[in-house]
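All of the numbers you see were taken from the coordinates with simple rules; none came from a lab. Quick caveat: nothing in here was measured; it's all calculated off a predicted structure. Cβ sites come from the backbone with ideal geometry, for glycine too, and all protein chains shown count toward neighbours.
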Amino acid sequence: MASDYASSGEYIKHHLQNLTYGKLPAGFERHDGDVLATTTWTFAHGANEVQAMGFWSINVDSMLFSIGLGALFLYFFYAAAKKATAGVPSGLQNFVEWVIEFIDNSVRGSFSHRNALVAPLALTVFMWVFLMNLMDLLPVDWVPYAAGMAGVPYLKIVPSTDPNVTFGLALSVFALVLYYSVKMKGAGGFFSELAFQPFPKFLFPVNLLLEGVGLIAKPISLSLRLFGNMYAGEMIFILIALMFGGGWVLGLFGGVLQWAWAVFHILIITLQAFIFMTLTIVYLDMAHAEHH
């Protein structure tokens, strides 16, 4: 809770800190003043320790919630498919059929080629991103406070507020884009597409620079758009939560603001999942297309 921290800044930093596991070097002075005698694998306490752990550290909470939500998606859709009936459908079957029809229409409208992977990929991307975003509607203090009582120092429950997660998703899509670009056009055709457009062939260095930047910008924009929107939404929830420590008047006003922002945030959550899915389909369609 906000009142349990020495300052608003400390409260905000705590709620934006991932539970990070990594290796601290020998001689490193920890948050409690203890100096490590040997290299130690441990959980980080604060941004300084995360920085010292370097690239090979892992955000355990992001991995836990993202994999857990992915498994939850698979379980419910598998259960709906297993119990599907031609008679009166259950509520779960209705929901799953509606989502699949929505995804199917989106793929038909944006993908003009034949590839059996695209529709299942679009469904997975949409539902997985949506579920990760949906965690933002849980009150910001409930799960981290319960984790703190169990001895867990930090816990971020919205995986899409972690750039490692959004970049991981975007780079996976980018790998598929590169694979199908080479598969459909050949290595030479893909290179020609990058080097000989839009200007004449003798300006191929300029073409290669422009097209290369455009190609690299795809995963960067895809990941940063999702991360930026969800991080900003989480920050607003945290700032509103600070009002609950300012007396009953501010607390009541904060409750109204939190409810209003949560209602509006439902649109953002769904829209960001839809945009990520749509851009995935469009990028794959471009990878399949022949340019002349």
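Listing for the model above:
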read-out	value
Dipole of the range 62-288, positive end: most advanced residue of Ile266, Phe227, Gly109 [Cβ charges, Cα centre]	Gly109
Label-to-label distance, nm, for residues given as Glu101 and Ala289 (7 Å Cα→Cβ offset)	3.0 nm
In the chain, lysine pairs closer than 30 Å at Cα, eight or more apart or cross-chain	9
Top positive-direction residue, dipole computed over the range 40-136 with Cβ charges, set Leu131, Val60, Phe43	Leu131
Contour excess over end-to-end distance, with Cα ends at Ala71 and Leu271 and 0.36 nm allotted per residue	69.8 nm
About the Cα centre, charge dipole magnitude for the range 62-288 (Lys/Arg +1, Asp/Glu -1 at Cβ), debye	480 debye
Sequence ranges 37-46, 267-276, ranked by mean other-Cβ count within 10 angstrom, highest first	267-276, 37-46
Reported label for calculated volume of the Cα convex hull per residue in Å³ given [x] 192; [y] 160; [z] 119	[x]
Burial ranking of peptide ranges 84-92, 246-254 (average Cβ count within 10 Å, highest at the top)	246-254, 84-92
In order through the range 137-148: 3J(HN,Hα) via Karplus (6.51 cos²θ - 1.76 cosθ + 1.60), integer Hz, x for Gly, Pro	7, 6, x, 4, 9, 4, 5, x, 5, 5, 5, x
Length added when fully stretched, Lys201-Ala150, from 0.36 nm per residue minus Cα-Cα	12.0 nm
At R0 = 41 Å, FRET efficiency that the Cβ-Cβ distance of Leu242 and Phe28 yields, to 0.05	0.80
Value at 222 nm in deg cm²/dmol, rounded to 500, when DSSP H runs of n ≥ 4 in the chain each add -39,500 (n - 2.57)	-23000 deg cm²/dmol
Segment Trp142-Thr39, length gained on full extension (0.36 nm per residue, minus Cα span)	33.6 nm
